[in-house]
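One structure is given below, encoded as structure tokens.
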Amino acid sequence: MSEIGWPSGGVAVEAQGWHWRHAGRSGWALTDLDLAIEPGERVLLLGASGSGKSTLLQGIAGLLDSDEDGDERGRLLVDGVAPTQRRSRIGMVLQNPESQVILSRVGDDVAFGMENFNVDREQIWPRVRQALSAVGLELPLMRDTAELSGGQQQRLALAGVLAMHPGLLLLDEPTANLDQAGVLEVRDAVSATAQQSGATLIVIEHRTSVWLPVVDRVIVLGDGGRVIADGPPGVTIAAHRDHLRRAGVWVPGADLPEITRHQSPGAPLLTAADLAIGYRRGRQAHQLDFEIRRGATTVVTGPNGAGKSALALTLGGLLPPRAGRLTAHDMFAPAAHRREPIKWRSRELLTRIGSVFQNPEHQFLAGTVRAELELGPRALKQDPATVAEVCDELLDRLRLAHLADVNPYTLSGGEKRRLSVATVLATRPGLIILDEPTFGQDRNTWEELVRLLAEIADEGTAVVAITHDLDFAGLLADRQIELRAWDFEATREVSC
């Protein structure tokens, strides 16, 4: 990567007895936090889902307003001053990359930040091309950003940050939606940028093994956002291994749980014949032939942009096939003359097919977690006792009970994902379709989610999961559909 106007070194970050409480919450997200990060340090920030990692990064980025967003005590400083006074030196990739896509064309979106900070015009477009190449997003600069997959959006957001040449890089799960090759490509691009510029790096990732080789410090947050471990990566992981594992941190080398399935796949629910998928303005994939069976878990894998989310929406009756047929079998369809899911009414979909979108916030409608869970059962006119029983069980099982009365939009990314899964399970459909279900999960919540999906499959629910999580696929998949470059590759059976 050639040098084009790199800043002079990294910036320092310091917390002095810092507290933060989100608006409408009774408890503090972070309590009495004290830490100092030196210029140029590369820090991996670990902790359980909901431990305050994303809140800390947002505070350092100057995105938290104590007048509107919550309550603050103590001091959080960037180069000795409030983060809002150093925004031109701070680049952040948010947990939801879609929220950072601003302009309609790829090149313009990467250039946007530089234009706002008055980068010389002759430097902007060389930096745009350099950043896109670094993150492996080899697309025309005129490509419509609305056509990008979630993983491509993640690369785009990172390119926009790298192009600004910040002195402080803040990355919140920057590889969560990427395929395996993309994870390493992006990690290496970030590492090279930090190495060349001297920028300070703070990255949040639940999977530690990818980032440990390129960081020089690990900080672990525990309950209440307190620091429970801090030091060099190898020493810190080794010294606190058991404690970190119990806290939900993905400790390298830890054994995966044993998942035992008790039922074999049953009768077919949906059949795809020569199915072509794709968005109206985009490309399409042809000749997909497969069945979705009752009680079976089907995992869909493939590189970013291969059409996995388009397939999920098509199976969910939310996107029409571009060609071919997707039909429901007689016992699953609401009527003999309406066997195509795209023609079903919303109430018919509610009890038959439930979809969990890649962005959980796209399906939140209520003001509290409990009310969100109750929406589906109430729409089905279930009695209050049944609604309460179903919701209480899911809140407890997915570790959301203590958040029942808070606004869904104030949850952490992992908590939002678990809530989105719970809202679909609450209506007990015959088929659930999940787009990246393990995004943002710590080791404990990941294991609980995997066991829950295995149980509902054994009870007869068909599960389809779009995922880059190979551990998840290896434990759960009865069948795998692998998409490659918008062309159907194979369907193969794998053991549970």
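The values are calculated or read from the model by the stated rules, or taken from the named source; none is laboratory data. Since the model is a prediction, treat every value here as computed from it, not as a measurement. As a convention, Cβ positions derive from the backbone with ideal geometry for all residues, glycine included, and neighbour counts pool all protein chains shown.
Test GLY316 against the criterion of being at pLDDT 90 or above, of a type in the set (Gly, Ala, Ser) and surrounded by 15 or more Cβ atoms within 10 Å (Cβ to Cβ), and give yes or no.
So GLY316 passes the test.
Can you find even one residue in region 434-450 that is more than 18 Å from the chain's Cα centre (by Cα) and among the basic types (Lys, Arg)?
No - not one qualifying residue is present in region 434-450.
With the requirement that a residue be basic (Lys, Arg) and out of contact with any helix residue (DSSP H, G or I) (no Cβ under 7 Å at 6 or more places or on another chain), what does region 30-55 give you?
Listed by number, the list holds a single entry, LYS53.
Among the listed residues LEU171, LEU141, LEU148, identify the single one that is under 16 Å from the mean Cα position of the chain (by Cα), of a type outside the set (Ser, Thr, Tyr) and surrounded by fewer than 24 Cβ atoms within 10 Å (Cβ to Cβ).
Just a single option satisfies the conditions, and that option is LEU148.
Of the numbered conditions (1) at pLDDT below 90; (2) over 21 Å from ASN359 (Cα atoms), LEU168 satisfies every one except a single condition; which is it?
(1)
Give the number of residues within region 362-380 that are in contact with a Pro (Cβ under 8 Å, 6 or more places away or on another chain) and surrounded by 15 or more Cβ atoms within 10 Å (Cβ to Cβ).
Total meeting the criteria: 4.
Kindly evaluate LEU270 against the criterion of being surrounded by 15 or more Cβ atoms within 10 Å (Cβ to Cβ) and in contact with a Pro (Cβ under 6 Å, 6 or more places away or on another chain).
Criteria not met by LEU270.
Considering only region 115-129, state which residues are in a helix (DSSP H, G or I) and either among the aliphatic types (A, V, I, L, M) or buried (at least 19 other Cβ atoms within 10 Å of the Cβ) (or both).
ILE124, ARG127, VAL128
Can you tell me how many residues within region 208-251 are closer than 17 Å to ARG443 by Cβ and among the basic types (Lys, Arg)?
3
Could you check region 16-51 and list, in sequence order, the residues that are modelled with pLDDT under 90 and under 18 Å from the mean Cα position of the chain (by Cα)?
Listed by number, the residues that qualify are GLY47, ALA48, SER49, GLY50, SER51.
Taking region 59-116, which residues are touching a His at 6+ places or on another chain (Cβ under 8 Å) and more than 25 Å from GLU38 (Cα to Cα)?
ASP69, GLY70, ASP71
With respect to GLY107, determine if the residue is within 22 Å of the chain's Cα centre (by Cα) and not aliphatic (A, V, I, L, M).
The answer is no for GLY107.
Filter region 381-393 down to the residues that are within 21 Å of LEU449 (Cβ to Cβ) and surrounded by fewer than 20 Cβ atoms within 10 Å (Cβ to Cβ) and list them by number.
GLU389, ASP392, GLU393
Looking at this structure, is VAL81 of a type in the set (Val, Ile, Thr), within 18 Å of LEU169 (Cα to Cα) and surrounded by fewer than 17 Cβ atoms within 10 Å (Cβ to Cβ)?
When the stated conditions are applied, VAL81 passes them.
Could you pull out the residue among LEU64, LEU56, LEU76, LEU46 that is aliphatic (A, V, I, L, M), assigned to a strand (DSSP E or B) and closer than 17 Å to HIS19 by Cα?
LEU76
Pull out all pairs, ordered by first then second residue, where Cβ-Cβ is under 8 Å, the residues are six or more apart or on different chains, the first lies in region 359-373 and is farther than 19 Å from LEU434 by Cβ, and the second is surrounded by fewer than 19 Cβ atoms within 10 Å (Cβ to Cβ) and among the basic types (Lys, Arg).
Every condition considered, no pair remains.
Being more than 26 Å from HIS206 (Cα to Cα), without any contact (Cβ under 8 Å) to a residue 60 or more places away in the chain and not assigned by TED's automatic domain parsing to the domain that holds SER26 narrows it down to one of ALA404, ALA379, so name that one.
Residue meeting the stated conditions: ALA379.
Cβ-Cβ below 6 Å, separation at least six or inter-chain, first residue in region 98-122 and assigned by TED's automatic domain parsing to the domain that holds ASP172 and small (Gly, Ala, Ser), second surrounded by fewer than 18 Cβ atoms within 10 Å (Cβ to Cβ) and in a loop (DSSP other than H, G, I, E, B): which pairs?
Listed pairs, sorted by first residue: GLY107/LEU141.
Quick check: anything in region 39-49 assigned by TED's automatic domain parsing to the domain that holds ALA189 and surrounded by fewer than 17 Cβ atoms within 10 Å (Cβ to Cβ)?
Yes.
Scan region 27-61 for residues that are in contact with a Leu (Cβ under 9 Å, 6 or more places away or on another chain) and free of Cβ contacts under 8 Å to residues at least 60 places away in the same chain and jot them down.
GLN58, GLY59
Would you mind telling me which numbered condition in (1) modelled with pLDDT under 95; (2) out of contact with any helix residue (DSSP H, G or I) (no Cβ under 7 Å at 6 or more places or on another chain) LEU269 fails?
(1) is the only condition that LEU269 fails.
Any residue at all in region 200-222 that's surrounded by 24 or more Cβ atoms within 10 Å (Cβ to Cβ) and without any contact (Cβ under 8 Å) to a residue 40 or more places away in the chain?
Scanning region 200-222 turns up no residue that is surrounded by 24 or more Cβ atoms within 10 Å (Cβ to Cβ) and without any contact (Cβ under 8 Å) to a residue 40 or more places away in the chain.
Condition first: charged (D, E, K, R) and crowded, with 20+ Cβ neighbours inside 10 Å. Now tell me which residues in region 429-467 satisfy that.
ASP435, GLU436, ASP442, ARG443
Which one is surrounded by the fewest Cβ atoms within 10 Å (Cβ to Cβ), of the residues in region 230-257 that are in contact (Cβ under 8 Å) with a residue 60 or more places away in the chain and among the β-branched types (Val, Ile, Thr)?
Among residues in region 230-257 that are in contact (Cβ under 8 Å) with a residue 60 or more places away in the chain and among the β-branched types (Val, Ile, Thr), the one surrounded by the fewest Cβ atoms within 10 Å (Cβ to Cβ) is VAL251.
Would you confirm, using the coordinates I've provided, whether GLY91 is over 27 Å from GLY24 (Cβ atoms) and either outside the structural domain of GLY160 (by TED's automatic domain parsing) or assigned to a strand (DSSP E or B) (or both)?
In short, yes.
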